[in-house]
1. Being more than 24 Å from Gln160 (Cβ to Cβ) and not in a helix (DSSP H, G or I) is true for just one of Pro63, Pro58. Which residue is that?
2. Of all residues in the range 144-155, which are exposed (fewer than 12 other Cβ atoms within 10 Å of the Cβ) and under 19 Å from Cys86 (Cβ atoms)?
3. Any residue at all in the range 103-112 that is crowded, with 16+ Cβ neighbours inside 10 Å, within 12 Å of the chain's Cα centre (by Cα) and touching a residue at least 12 places away in the same chain (Cβ under 8 Å)?
4. Test Gly165 against the stated conditions and say whether it is surrounded by fewer than 17 Cβ atoms within 10 Å (Cβ to Cβ) and small (Gly, Ala, Ser).
5. Just the residues that are of a type in the set (Ser, Thr, Tyr) and modelled with pLDDT of 80 or more, please, taken from the range 65-91.
6. For residues in the range 116-131 being among the aliphatic types (A, V, I, L, M) and under 17 Å from Ser59 (Cβ atoms), which is modelled with the highest pLDDT?
7. Note down all Cβ pairs under 6 Å where the first residue falls in the range 131-159 and is farther than 18 Å from His112 by Cα, the second is assigned to a helix (DSSP H, G or I) and open to solvent by 70 Å² or more (accessible area, probe 1.4 Å), and they're at least six residues apart or on different chains.
8. Tell me, yes or no, whether the range 11-26 has at least one residue that is modelled with pLDDT under 80, over 18 Å from the mean Cα position of the chain (by Cα), among the basic types (Lys, Arg) and open to solvent by 90 Å² or more (accessible area, probe 1.4 Å).
Amino acid sequence: ESLQALRAVADKESDWGWVVYSQYSPTLDGVIRLRPLTIRNLLLASGAMLLVALLLVPSLRGPLLVTLSVLSIDLGVFGFLALWGCNIDSISSIAILMAVGFGVDLSAHITHGFLSARGSGPDRSIRAMETYGAAVLQGGLSTLLCLPALMMELDHYIVQVFIKGVFL
């Protein structure tokens, strides 16, 4: 806020040609821009995922449900990271974007399996889990298996945020 206030004063007195700069300006500029950039990137990723799902999933309802599922996951990750005291910074942005990837992986595969199966709703659910459930589970477990190695360095912020993001 201080940097923005000083820049507003410098802009108001533009006849002097003042420039507000300190050694921390690049870092502060990144922090100022990171929240809107993270939200924009999440929306762009969700939109791109919706377009790809519309091309690959054989119905209109499936891609919409996948997109809503991913947005719900993202909202939950944002909320829990905030509840756990994580700020939106470059580290938490990476954890949030990874959650998008996990959400897309799970939602798209299971939805595709459900929509391409035949039978009643419960039969289709069982068939989707039989077809894609193991692969999705293995993808999640392979990520979780990395956590014990990271837990040896719990005093580092990046490790804490990554574990929290994967846990969600």
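The values are calculated or read from the model by the stated rules, or taken from the named source; none is laboratory data. A quick note: this is a predicted structure, and the numbers were derived from the prediction, not measured. Every residue, glycine as well, gets a Cβ built from its backbone with ideal geometry; the counts of neighbours run over all protein chains shown. Remember, those area values only see protein heavy atoms, side chains included, never the ligands or the DNA or RNA. Shrake-Rupley method; radii C 1.70, N 1.55, O 1.52, S 1.80 Å.
1. On the way: Pro63 fails: not in a helix (DSSP H, G or I).
Just one listed residue meets the conditions, Pro58.
2. Answer for the range 144-155, where residues must be exposed (fewer than 12 other Cβ atoms within 10 Å of the Cβ) and under 19 Å from Cys86 (Cβ atoms): Met151, Glu153, Leu154, Asp155.
3. yes
4. Criteria not met by Gly165.
5. To start, the set of residues in the range 65-91 that are of a type in the set (Ser, Thr, Tyr) comprises 67, 69, 72, 90.
Those that are of a type in the set (Ser, Thr, Tyr) and modelled with pLDDT of 80 or more: Thr67, Ser69, Ser72.
6. Filtering the range 116-131 down to residues among the aliphatic types (A, V, I, L, M) leaves 117, 126, 128-129.
So of that shortlist, the ones also under 17 Å from Ser59 (Cβ atoms) come out as 117, 128.
On the way: Ala117: 85, Ala128: 88.
Checking each candidate, the answer is Ala128.
7. Val159/Glu153
8. Yes, some residue in the range 11-26 is modelled with pLDDT under 80, over 18 Å from the mean Cα position of the chain (by Cα), among the basic types (Lys, Arg) and open to solvent by 90 Å² or more (accessible area, probe 1.4 Å).
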